[in-house]
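A short worksheet on the structure shown next.
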Amino acid sequence: MHRRLHRYRSLLAMITMVVLTLLIAPLHGSAVSTRLDDPDPATIPLPVLDDDDPAKAVVARVTFTSRTQATVDRTSVSLQRAHTHIGDPPILKLSLTDVDGQVIDRMNAWSPLWVYSHGDRERVDVKSSGAGSFIVPFSPALSTMTISDTALNRDVVTVDVKPAIRAFCVAHPGDPDCLESDLSVDSVEPRAPLFAVLGKPVTVIVGSTISNAGPDGPTDARVERTVTAGTGVTVTPTAPETTEVALAVGSPRRLEKTYTVTCTQPGARTLDFTTAVAPERASVIDPQEANNRRTTRLTVDCAVPVTINIQPGSARNPVNLNGSILPVAALTTRAGEYGNPLAFDATAINSASLRFGSPSVLLLGGGVPEPHGRIHPANSLEPDEVTRDRDLDAILHFQPRSDALAPTDTSACVLGRFAGPSGPLSFYGCDRVTIVS
């Protein structure tokens, strides 16, 4: 009874200060004093106690260096019920928000800069600096507390309360407001073509599987997906992507993201795809955080673009799918010749690596080999089917044609390896064809 009476008296004093607040002009100095006339007690409503508040509170200790500047000293969760803010004067405004920025509650608060004192007369002093504790009801969804100066309509400081709530739930796993969910990234699987050609974009699709092993759920989680490109390759988009998902216990979710990858240098180039998952709320504890992140490296074979001439001497390049061995010239070229960015020595081709077929067949790892197991150096006709330059080219042969091409194909290509200036590299070149019966 005495405790409740004391609370009534405290709240009555706070309500009295509301009248004082309305009488005080905006403050710009370091200290202000004012006279408070006694209000009529009959006009003051009785305060209503907030008995529905949970028996926990979030406490933020804040130091003010001015009306508009403050720093957070510490935050914690108390097992004592928060006092009601009903009747607090509108000196400061507390805005409580969740992780999505949605407002949970707003309330008035007393400022630690305002000091109510007694002497020869009652007055309020406004100090230039001071520290105080802001105590609000606990909510498992709480993320931030923003303290604003009401008269100035200006935010003073935003308090991140998530670490305090997390520390409390780690220490009190049995609390009904604290949950436990073992979230995990089970796989990160990039799907990409067998190779990419220098300067030609290719599509890479990355599938990530995430799950919740419980015991609590469904759990709102944030999934972040990032990519890191090594040298010699670019990727878009580069910015991390965050997705919010609800993870039910025992029901894995699969997310896919598409990237565009372009080789800028030949050779093996790497991309690291990372997926991470974490509970949205600080009140949800993940007991096994080691499985919350997974990275998979994709190695892209960046091939040098080259020029080939199918059936040298024929501009139309008619191809009978039931025909015999098909001759193809791989041309030696200088950097820039026929639009090729790098120089290519066709006599350095590794014959055992050669494959011939349509673009779709080669991208899937198919195609037919060179049956002779060697290249045939020669000064071949150029694509105009007239010119022979002084470069030594390589004549290649392929069969059976029906395993490499389909009746609807309009182009055919050669994929292989050659000895580059600093080591083996892949090359790729195509020419048009006309399929005939």
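The values are calculated or read from the model by the stated rules, or taken from the named source; none is laboratory data. In this text, all values refer to a predicted model and were calculated from it rather than measured experimentally. Methodologically, a virtual Cβ is constructed for each residue, glycine included, from the backbone with ideal geometry; neighbour enumeration extends over all protein chains shown.
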Could you check, for segment 187-205, whether at least one of its residues is more than 16 Å from residue 277 (Cα to Cα), part of a strand (DSSP E or B) and of a type in the set (Gly, Ala, Ser)? yes
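Residue-wise test of (1) in contact with a strand residue (DSSP E or B) (Cβ under 9 Å, 6 or more places away or on another chain); (2) at pLDDT 60 or above; (3) not assigned by TED's automatic domain parsing to the domain that holds residue 167.
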{"site": "29", "(1), (2), (3)": "yes, no, no"}
{"site": "37", "(1), (2), (3)": "no, no, no"}
{"site": "98", "(1), (2), (3)": "yes, yes, no"}
{"site": "105", "(1), (2), (3)": "yes, yes, no"}
So in segment 212-236, with the set limited to residues that are over 18 Å from residue 273 (Cβ atoms) and either of a type in the set (S, T, N, Q) or part of a strand (DSSP E or B) (or both), which one is nearest to the chain's Cα centre (by Cα)? 221
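Quick grid of which residues meet (1) under 14 Å from residue 138 (Cα atoms); (2) assigned by TED's automatic domain parsing to the domain that holds residue 140; (3) modelled with pLDDT of 95 or more; (4) assigned to a strand (DSSP E or B):
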residue: 75; (1), (2), (3), (4): yes, yes, yes, yes
residue: 82; (1), (2), (3), (4): yes, yes, no, no
residue: 89; (1), (2), (3), (4): no, yes, no, no
residue: 95; (1), (2), (3), (4): yes, yes, yes, yes
Would you mind finding the one in 151, 239, 167, 141 that is in a loop (DSSP other than H, G, I, E, B), surrounded by fewer than 16 Cβ atoms within 10 Å (Cβ to Cβ) and not assigned by TED's automatic domain parsing to the domain that holds residue 286? 151
So the check is Cβ under 6 Å with 6+ separation or different chains; which pairs have a first residue in segment 363-378 that's surrounded by 15 or more Cβ atoms within 10 Å (Cβ to Cβ) and a second one that's in a helix (DSSP H, G or I) and of a type in the set (A, V, I, L, M, F, W, C)? 367/361
Which one is modelled with the lowest pLDDT, of the residues in segment 398-409 that are surrounded by 19 or more Cβ atoms within 10 Å (Cβ to Cβ) and not basic (Lys, Arg)? 404
Subset of segment 110-138 (residues that are more than 30 Å from residue 285 (Cβ to Cβ) and assigned to a strand (DSSP E or B)): 114, 115, 116, 117, 123, 124, 125, 126, 130, 131, 132
Tell me the residue from 290, 276 that is loosely packed, with under 14 Cβ neighbours inside 10 Å and among the hydrophobic types (A, V, I, L, M, F, W, C), please. 290
Taking segment 187-227 and keeping only residues that are farther than 24 Å from residue 99 by Cβ, of a type outside the set (A, V, I, L, M) and either surrounded by 18 or more Cβ atoms within 10 Å (Cβ to Cβ) or in contact (Cβ under 8 Å) with a residue 40 or more places away in the chain (or both), one is left with 187, 189, 190, 193, 195, 199, 200, 201, 203, 207
Among residues of segment 385-397 being of a type outside the set (Val, Ile, Thr) and free of Cβ contacts under 8 Å to residues at least 24 places away in the same chain, the residue surrounded by the fewest Cβ atoms within 10 Å (Cβ to Cβ) is 390
Being within 34 Å of the chain's Cα centre (by Cα) and assigned to a loop (DSSP other than H, G, I, E, B) is the requirement here; does residue 100 meet it? yes
Counting only residues that are in contact with an Asp or Glu (Cβ under 9 Å, 6 or more places away or on another chain) and either of a type in the set (A, V, I, L, M) or touching a residue at least 60 places away in the same chain (Cβ under 8 Å) (or both), segment 228-240 contains a total of 1
Determine which member of the set 419, 335, 348, 352 is surrounded by 15 or more Cβ atoms within 10 Å (Cβ to Cβ), at pLDDT 95 or above and closer than 27 Å to residue 300 by Cα. 348
Select from segment 141-165 the residues that are of a type outside the set (A, V, I, L, M) and more than 30 Å from the chain's Cα centre (by Cα) and list them in ascending order. 148, 149, 150, 153, 154
Condition test on residue 192, is it under 24 Å from the mean Cα position of the chain (by Cα), more than 23 Å from residue 108 (Cβ to Cβ) and of a type in the set (A, V, I, L, M)? yes
Looking at 274, 270, 296, 307, which one is more than 33 Å from the chain's Cα centre (by Cα) and of a type in the set (Val, Ile, Thr)? 307
Test for residue 395: is it of a type outside the set (Asp, Glu), outside any helix (DSSP H, G or I), at pLDDT 95 or above and touching a strand residue (DSSP E or B) at 6+ places or on another chain (Cβ under 9 Å): yes
Please give the number of the condition residue 383 fails out of (1) in a strand (DSSP E or B); (2) out of contact with any Pro (no Cβ under 7 Å at 6 or more places or on another chain); (3) of a type outside the set (Lys, Arg). (1)
Within segment 295-317, identify whether any single residue is under 16 Å from residue 398 (Cβ atoms), in the same structural domain as residue 386 (by TED's automatic domain parsing) and surrounded by fewer than 16 Cβ atoms within 10 Å (Cβ to Cβ), and answer yes or no. yes
